[in-house]
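Undergrad: The structure is given below, and queries will be raised subsequently.
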Amino acid sequence: MILARERAASRPTAARPRRALWLVAGMVVMVAQSLGSVARAAPEGFADVVERVSGAVVNITTTTVVAEPAIPAPIVPEGSPLEEFFKDFLDRQKRERKRRAQALGSGFVISADGYIVTNNHVIDKADEIQVEFFSGDVLDAKVVGTDPKTDIALLKVESDKPLVFVTFGDSDKARVGDWVLAMGNPLGQGFSASAGIVSARNRALSGAYDDFIQTDAAINRGNSGGPLFNMDGEVIGVNTAILSPDGGSIGIGFSMASNVVRPVVEQLMKYGETRRGWLGVRIQDVTPDVAEAMGLDAPQGALVTDVPPGPAAEAGMEPGDVIVEFAGRKVDDSRTLVRIVGDTEPGKTVKVKVFRKGKEVELDVTLGRREEAEAAMPEPGAKPAEAEVLGLTVMTLTDELRSELGLPPTAEGLVVVDVDEASTAYEKGIRAGDVIVEAGQEKVTTPAELRARVKEARDGGRKSILLLIRRQGEPRFVALPVE
């Protein structure tokens, strides 16, 4: 299957006794009545919605000047009378072999003064952008700002008259099974509408900020950047990608949820760029075995694996903390935290609630700006180290081992030198060369300390112990059974 970003009769049965048929019929009526009390009727048509919003949907044509591959030079014998001719010909071809490539996409107007939303990949590297309206008018557009992380771009056109526009709806209110309407310019055929339902919610494809609505409304090449409407004519998604074996619609399309798109558009309109909050931690999801090992009631929250220099470190956050609440909002998993932090204004001080060693601790964190921090973020440090417990053969770090493993002189921990392939540790992905930094959320530097932490977990009635592992500088928590 290809995940593509888009540019846009039955056999008769024997007769049954009449009484049995009546019983079945009665059951059908009862089921129909019970369903009818909760289900909404299907719309008679979509014409009213289409008529109301079509003036705000646009076709986008981009033009890019591209260089074509050079023509292979013909083989001409040295000293041939044709040598100079072919030399002049090839020199001329090298100068002239450029062409103008066109691409098609869709978009929608969000303000009377000409702001237009589309996908970033629709207009990326374009030299010229033209927008065609439902009326047939064509206007040149300029790029206000782009956000490759969500594949959103904001354009602006200048018009002599106010433009018809549409507004964003609340994508969180969309339910699986709701009717939706996709509009755009599929395969360059011009304005087109297709209907379907919300097939799934909260789909993630490849980005940290992904929150896609899956729909079976037909989305094809050229639909990219077009709107996904609810039955109130509100935009609840931006059509972005399809899952397809051949590039055509098979009823699995993805629209970036409006609640992700709207704050991005607002920032692009205000600043010409995005300004996302930055917490400054590395995180992972809390699995059921990790939750049990840490004493959490449920596998929820974002587990902090590392706290490099930054806002979180300055606020006192530590590796092993589980972020359960951020600025008053519950954190279900690491993906939720990334979204919430990114939507928060840089420079703002927020309260972050973490679960630490059986207690909840509240921290005040002043967020940085992610765009500025990404380039300055420190490279991952060297990997830590070794011993023999729970199917692991480990050793205390020595200067010689630090040198062999490329570790700094200050590195501490236990280096894993061997892993029993029949052990749970091997199943959980621990390998030779990994460094155990903590066990039971306590630092370990000798095999004796590791054994002591395992014994404490057993004596305390724990079924597992949490290890903090580093591999090539990247931290990861692993819960191993102690029974």
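The values are calculated or read from the model by the stated rules, or taken from the named source; none is laboratory data. Quantities reported herein were computed from a predicted structural model and do not represent experimental measurements. Glycine gets a Cβ as well: all are built from the backbone with ideal geometry, and neighbour counts include every protein chain shown.
Undergrad: Could you tell me which numbered condition Ala312 fails, if it satisfies all but one of (1) outside any loop (DSSP other than H, G, I, E, B); (2) aliphatic (A, V, I, L, M); (3) over 25 Å from the mean Cα position of the chain (by Cα); (4) buried (at least 20 other Cβ atoms within 10 Å of the Cβ)?
TA: It fails just one condition, (3).
Undergrad: Continuing with this model, one more query. For the range 266-313, what are the residues that are among the basic types (Lys, Arg) and either in the same structural domain as Leu467 (by TED's automatic domain parsing) or within 20 Å of Val365 (Cβ to Cβ) (or both)?
TA: Arg275, Arg276, Arg282
Undergrad: Moving to a separate point now. Name every residue in the range 139-165 that is in a loop (DSSP other than H, G, I, E, B) and under 24 Å from Tyr209 (Cα atoms), in order of residue number.
TA: Of everything in the range 139-165, those that are in a loop (DSSP other than H, G, I, E, B) and under 24 Å from Tyr209 (Cα atoms) turn out to be Pro148, Lys149, Thr150, Asp151.
Undergrad: Counting only residues that are assigned to a strand (DSSP E or B) and β-branched (Val, Ile, Thr), which one in the range 211-251 is nearest to Thr336 (Cα to Cα)?
TA: Checked the range 211-251; the qualifying residue nearest to Thr336 (Cα to Cα) is Ile213.
Undergrad: Please work out which residue is surrounded by the fewest Cβ atoms within 10 Å (Cβ to Cβ), limiting yourself to the range 333-362 and to residues that are touching a Gly at 6+ places or on another chain (Cβ under 6 Å) and closer than 20 Å to Pro319 by Cβ.
TA: Step by step, filter the range 333-362, then rank; the result is Gly358.
Undergrad: Scan the range 401-416 residue by residue and report those that are touching a helix residue (DSSP H, G or I) at 6+ places or on another chain (Cβ under 9 Å) and either surrounded by 19 or more Cβ atoms within 10 Å (Cβ to Cβ) or outside any loop (DSSP other than H, G, I, E, B) (or both).
TA: Leu407, Ala411, Leu414, Val415, Val416
Undergrad: Which residue out of Ser199, Ser192, Ser135 is in contact with a Pro (Cβ under 7 Å, 6 or more places away or on another chain), polar (S, T, N, Q) and closer than 25 Å to Met231 by Cα?
TA: Answer to the selection: Ser192.
Undergrad: Can you pull out every residue in the range 429-447 that is outside any loop (DSSP other than H, G, I, E, B) and not aliphatic (A, V, I, L, M)?
TA: Answer for the range 429-447, where residues must be outside any loop (DSSP other than H, G, I, E, B) and not aliphatic (A, V, I, L, M): Glu438, Glu442, Lys443, Pro447.
Undergrad: Just wondering, is there one or more residues in the range 141-152 that are assigned by TED's automatic domain parsing to the domain that holds Gly225, over 15 Å from Leu268 (Cα atoms) and at pLDDT 95 or above?
TA: Looking for residues that are assigned by TED's automatic domain parsing to the domain that holds Gly225, over 15 Å from Leu268 (Cα atoms) and at pLDDT 95 or above, one finds at least one in the range 141-152, hence yes.
Undergrad: Checking the conditions here, which among Val265, Val238, Val286, Val281 is closer than 26 Å to Asp48 by Cα and either more than 17 Å from the chain's Cα centre (by Cα) or crowded, with 21+ Cβ neighbours inside 10 Å (or both)?
TA: Val238
Undergrad: From Val176, Val131, which residue is within 14 Å of Thr62 (Cα to Cα) and among the hydrophobic types (A, V, I, L, M, F, W, C)?
TA: Answer to the selection: Val131.
Undergrad: Answer yes or no as to whether Val176 is at pLDDT 95 or above, surrounded by 17 or more Cβ atoms within 10 Å (Cβ to Cβ) and among the β-branched types (Val, Ile, Thr).
TA: Considered against the rule, which asks whether it is at pLDDT 95 or above, surrounded by 17 or more Cβ atoms within 10 Å (Cβ to Cβ) and among the β-branched types (Val, Ile, Thr), Val176 comes out as no.
Undergrad: Residues Glu438, Glu449, Glu442: which one is of a type in the set (Asp, Glu), within 18 Å of Leu401 (Cβ to Cβ) and outside the structural domain of Met294 (by TED's automatic domain parsing)?
TA: Result of the check over Glu438, Glu449, Glu442: Glu449.
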